[in-house]
Every structure is written in structure tokens, then in C-alpha cells.
Amino acid sequence: MKLKQIQIAIYSLIASMICMSASAQTEQYQDYPITPVPFSKVQIKDNFWAPKIRTNHDVTIPIAYEQSKKQGVLIILKSPAA
């Protein structure tokens, strides 16, 4: 039961990421004062967000990945039709 809930949560996350990326690719208007930049060109160098992002990169994400491997969630993601 818990594995099914995790699977649904992951699929919901993926679906919302797809929707967000589709909405980000809308047509740019001439009177819009902000120019979009590619995600790969963004650098965060402040004293508030930078440490939090570094902690996620160094600690939170690897732990979540290992827990997902232990619980078999990654196997489900590899074969969603299963």
C-alpha cells in the first residue's frame, strides 16, 4: 500500500514538472521587461538560497536516492507499466 502511494506521488511530481516546463515555453512578448535565460546559465550566489541548494545537492538528494533504491521505487520508475 505504501509503495503504491509513493509511486502515485512520484508520477504526480513528474506530471507537474512536465506542465511547468510546457508553460515556461510560452511565446515571449515584446513588451515583457524580463528576458528568459536557459536553466543551465542560472547561478545562485547569495547567502540565503545558495547554502540551502548546496545542502540539497550534497545531503538530501543522495539520501533520498539511496532510500528510493532500498525501497524499490527506482525499479518502478524504470518500468512504469509493471
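Summary of values
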read-out: Cα-based reach from Lys4 at 26 Å (exclusive), listing lysines while leaving out same-chain residues under 8 positions away; value: Lys69, Lys70, Lys78
read-out: Exposure proxy ranking, count of Cβ atoms within 10 Å, fewest first, for Thr35, Thr55; value: Thr35, Thr55
read-out: Separation in nanometres of the label points that stand 7 Å from Cα toward Cβ, at His57 and Phe39; value: 1.5
read-out: Footprinting exposure proxy for Ser68, Ser12 (fewest neighbouring C-beta atoms within 10 Å first); value: Ser12, Ser68
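Where a number appears in this text, it was derived from the coordinates with a stated rule and is not lab data. The structure presented is a predicted model; accordingly, all values stated were derived computationally and were not measured. As a convention, Cβ positions derive from the backbone with ideal geometry for all residues, glycine included, and neighbour counts pool all protein chains shown.
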